[in-house]
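Participant: Got a structure here, written out as structure tokens. Questions coming.
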Amino acid sequence: MNTLHKIALWKIRKIIRKSKRKKAFPVLANVRKILIFCANSDWEIKTLIADFEKEGKEIEVWAYDKQEDYTKSITLYKRFGKQNTTLLGLPKKEIIQDFRRTKYDLVIDLTRDEILPLQYLLALADSPFKTGLKKQFADNYDFMIELDGVFSEQKLLSQILFYLTQIEPK
């Protein structure tokens with residue numbers, strides 16, 4: 001791990017430590033705005049969005065693809081790539097400004113690996129509940145899923161939704 005990477009990790013941890021967001025376990029039926037992170041722009045997400053929209057939920061998807069340039073979305077699908085990151089590998093100011101415009105009821109991280117730009121945005125996300133696959137930044141999540149072996153983003157999402165519907169918040 002090089003020095004720039006260590007500095008980027010330090011910045012993410014600092015945001016997490018200083019966060020004053022109010023945490024709350026969601027009642028899925030009451031959730032209106034959902035943010036989804038995914039690893040690349042190739043993931044077929046249309047069915048997922050359609051299912052959530054049928055339930056009256058607003059979905060915004062952010063993807064990181066090393067080859068892509070920043071795309072302001074016409075729909076709620078936004079992606080950015082390496083050319084939209086700083087020397088530390090964190091999102092540039094324009095990405096952060098666009099990202100911070102929305103408050104979400106629920107954040108779902110479907111990435112398998114530590115993708116620094118998305119971990120940074122996850123730390124900045126204004127949401128009472130963040131969930132995803134168990135990773136290094138455990139403090140970045142309120143609820144984590146641990147899956148073994150090979151699995152798809154669809155399976156990870158189905159597991160997250162299963163637990164969110166099974167657990168009753170107090």
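Participant: Which members of the stretch 107-158 meet the condition of being of a type in the set (S, T, N, Q) and in contact with a helix residue (DSSP H, G or I) (Cβ under 7 Å, 6 or more places away or on another chain)? So that I can check it myself, show each step before the final result.
Facilitator: Step one: filter the stretch 107-158 for residues of a type in the set (S, T, N, Q), giving 111, 119, 127, 131, 136, 140, 152, 154, 158.
Across the stretch 107-158, the qualifying residues are Thr111, Gln119, Thr131, Asn140.
Participant: Here are the criteria: (1) modelled with pLDDT under 85; (2) closer than 20 Å to Leu156 by Cα; (3) in contact with a strand residue (DSSP E or B) (Cβ under 6 Å, 6 or more places away or on another chain). Tell me which single one Leu76 does not satisfy.
Facilitator: That leaves (2) as the condition not met.
Participant: Step by step: first the residues of the stretch 124-170, then only those that are of a type in the set (Phe, Trp, Tyr) and in a loop (DSSP other than H, G, I, E, B), then the one that is farthest from Lys33 (Cα to Cα). Which residue is that?
Facilitator: Narrowing the stretch 124-170 to residues of a type in the set (Phe, Trp, Tyr): 129, 137, 141, 143, 151, 162-163.
Those still in the list that are in a loop (DSSP other than H, G, I, E, B) too: 129, 137, 141, 151.
Numbers: Phe129: 11, Phe137: 23, Tyr141: 17, Phe151: 26 Å.
Applying the filter and picking the extreme gives Phe151.
Participant: Of the residues that make up the stretch 33-47, is at least one among the charged types (D, E, K, R) and at pLDDT 90 or above?
Facilitator: If we filter the stretch 33-47 for residues that are among the charged types (D, E, K, R), which is where we start, we get 33, 42, 44, 46.
Still in the running and at pLDDT 90 or above: 33.
Scanning the stretch 33-47, I find at least one residue that is among the charged types (D, E, K, R) and at pLDDT 90 or above, so the answer is yes.
Participant: Another question, then. For the list (1) within 18 Å of Pro91 (Cβ to Cβ); (2) assigned to a loop (DSSP other than H, G, I, E, B); (3) among the polar types (S, T, N, Q), I need the number of the one condition that Gln119 fails.
Facilitator: The one condition Gln119 does not meet is (2).
Participant: Which of (1) surrounded by 12 or more Cβ atoms within 10 Å (Cβ to Cβ); (2) modelled with pLDDT of 85 or more; (3) among the charged types (D, E, K, R) is the odd one out, the single condition Arg17 does not satisfy?
Facilitator: (1)
The values are calculated or read from the model by the stated rules, or taken from the named source; none is laboratory data. Just so we're clear, the structure is a prediction, and the values are computed from it rather than from any experiment. Note: ideal-geometry Cβ built from the backbone for every residue, glycine included; neighbour counts use all protein chains shown.
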